[in-house]
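The values are calculated or read from the model by the stated rules, or taken from the named source; none is laboratory data. The structure presented is a predicted model; accordingly, all values stated were derived computationally and were not measured. Here the Cβ positions follow ideal geometry from the backbone for every residue, glycine too, while neighbour counts run over all protein chains shown.
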Amino acid sequence: MSFALFAQKPPAVSQEPPEEDTTLVEAKEYVFNPLQAEKEVKTGNFYAKKGNFKAAAFRFREATKWNPGLPEAWLRLGESLEKRKDMKGAKEAYAKYLELAPDAKNVAMIKKKL
């Protein structure tokens with residue numbers, strides 16, 4: 001029996017190099033996912049406690065994309081952006097928070113910030 005058939009290498013498959021230009025990569029598609037949003041909020045809270053407000057803001061923004069109706073995500077996003085001195089972004093997040101939670105206990109404090 002000849003083993004010559006088994007000794008042959010499979011033909012090389014040409015692979016394209018990984019995409020370098022991030023603008024050409026497809027954007028992530030967000031669909032309503034409250035569990036993922038809660039996970040992002042928890043992770044954002046972790047980063048906020050560590051003082052990494054850039055990472056926290058990113059996570060809170062992700063949470064708002066997974067569940068745009070989650071008031072806590074908008075509140076925490078506003079707080080993180082405020083810590084980063086992004087007052088325009090913070091005001092937008094606070095305004096969305098007030099829209100979603102008009103009866104919250106901290107409404108007066110948030111309105112002062114606006």
* Which condition breaks for Lys112 when tested against (1) surrounded by fewer than 19 Cβ atoms within 10 Å (Cβ to Cβ); (2) assigned to a helix (DSSP H, G or I); (3) at pLDDT 95 or above; (4) not aromatic (Phe, Trp, Tyr)? -> (3)
* Structure fact -> Flagged pairs (Cβ under 6 angstrom, 6 or more apart or on separate chains; first in segment 33-59, over 14 Å from Pro71 (Cα atoms) and among the aromatic types (Phe, Trp, Tyr); second modelled with pLDDT of 95 or more and in a helix (DSSP H, G or I)) are Tyr47/Ala55; Tyr47/Ala56; Phe53/Ser80; Phe53/Lys83
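Would you be able to tell me the number of residues in segment 94-105 that are free of Cβ contacts under 8 Å to residues at least 12 places away in the same chain and either in contact with a strand residue (DSSP E or B) (Cβ under 9 Å, 6 or more places away or on another chain) or not in a helix (DSSP H, G or I) (or both)?
So the first thing to find is which residues in segment 94-105 are free of Cβ contacts under 8 Å to residues at least 12 places away in the same chain, and the list is 99, 102-103, 105.
Retained after the next criterion (residues that are either in contact with a strand residue (DSSP E or B) (Cβ under 9 Å, 6 or more places away or on another chain) or not in a helix (DSSP H, G or I) (or both)): 102-103, 105.
So the count comes out to 3.
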* To do: Just give me the residues in segment 58-88 being small (Gly, Ala, Ser) and surrounded by 17 or more Cβ atoms within 10 Å (Cβ to Cβ), in sequence order.
  => Ala63, Ala73, Gly78, Ser80
* To do: Please work out which one of (1) more than 20 Å from Lys88 (Cα to Cα); (2) in a helix (DSSP H, G or I) is the condition Phe60 fails and give its number.
  => (1)
